[in-house]
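These notes concern the structure reproduced below.
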């Protein structure tokens, strides 16, 4: 399956643009297994038990992403974002991650093509 991220999706901006209200937002990463389209849905409070229900069996939640500005010891925002992208196992157990990407103060860029390749490798195994 060839995957394609929706144009201008928040997931592609996670390394260089704050998503929602930063540390209190999350993106659920969605996949349409019939078309290979990937997109994200923003939820403003990642601690709450919120989700969007799809009645189409081909649309599944495959992971989550977060980002936030780092702060110095005085609480001032620094010039870079920290981010995480977590991809779930195909058995839909959201307590187990198949793959986890994250930034640190030395490496804050996101290679979204690498993330898409990982998703393709994980979810294509399911179809074999």
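In the range 26-41, how many are surrounded by fewer than 20 Cβ atoms within 10 Å (Cβ to Cβ), touching a helix residue (DSSP H, G or I) at 6+ places or on another chain (Cβ under 9 Å) and farther than 14 Å from residue 13 by Cα?
Total satisfying the criteria: 2.
Tell me yes or no: at least one residue of the range 3-14 is part of a strand (DSSP E or B), surrounded by fewer than 16 Cβ atoms within 10 Å (Cβ to Cβ) and modelled with pLDDT of 85 or more.
Yes, because at least one residue in the range 3-14 is part of a strand (DSSP E or B), surrounded by fewer than 16 Cβ atoms within 10 Å (Cβ to Cβ) and modelled with pLDDT of 85 or more.
Return the residues of the range 79-97 that are modelled with pLDDT of 70 or more, closer than 17 Å to residue 117 by Cα and under 13 Å from the mean Cα position of the chain (by Cα); say none if nothing qualifies.
Result: 84, 85, 86, 87, 88.
Can you confirm whether the range 65-73 contains a residue that is under 14 Å from the mean Cα position of the chain (by Cα), modelled with pLDDT of 85 or more and over 15 Å from residue 112 (Cα atoms)?
There is no residue in the range 65-73 that is under 14 Å from the mean Cα position of the chain (by Cα), modelled with pLDDT of 85 or more and over 15 Å from residue 112 (Cα atoms).
What do you reckon, is residue 52 in contact with a strand residue (DSSP E or B) (Cβ under 7 Å, 6 or more places away or on another chain), closer than 28 Å to residue 122 by Cβ, part of a loop (DSSP other than H, G, I, E, B) and at pLDDT below 80?
yes
Cβ contacts < 6 Å: first residue without any contact (Cβ under 8 Å) to a residue 24 or more places away in the chain, restricted to the range 64-85; second residue assigned to a strand (DSSP E or B) and crowded, with 16+ Cβ neighbours inside 10 Å, any location; separation 6+ or different chain. Result?
Here the result reads 84/66, each pair linking the range 64-85 to a residue that is assigned to a strand (DSSP E or B) and crowded, with 16+ Cβ neighbours inside 10 Å.
Where the second residue is at pLDDT 75 or above and not in a strand (DSSP E or B) and the first is on the phi < 0 side of the Ramachandran plot and lies in the range 50-62, which pairs have Cβ atoms under 6 Å and are six or more apart or on separate chains?
Listed by first residue and then by second, the contacts come to 58/33; 58/34.
The values are calculated or read from the model by the stated rules, or taken from the named source; none is laboratory data. Keep in mind the model is a prediction, meaning the values are calculated, not measured. In this analysis, Cβ positions are derived from the backbone assuming ideal geometry, glycine residues included, and neighbour counts consider all displayed protein chains.
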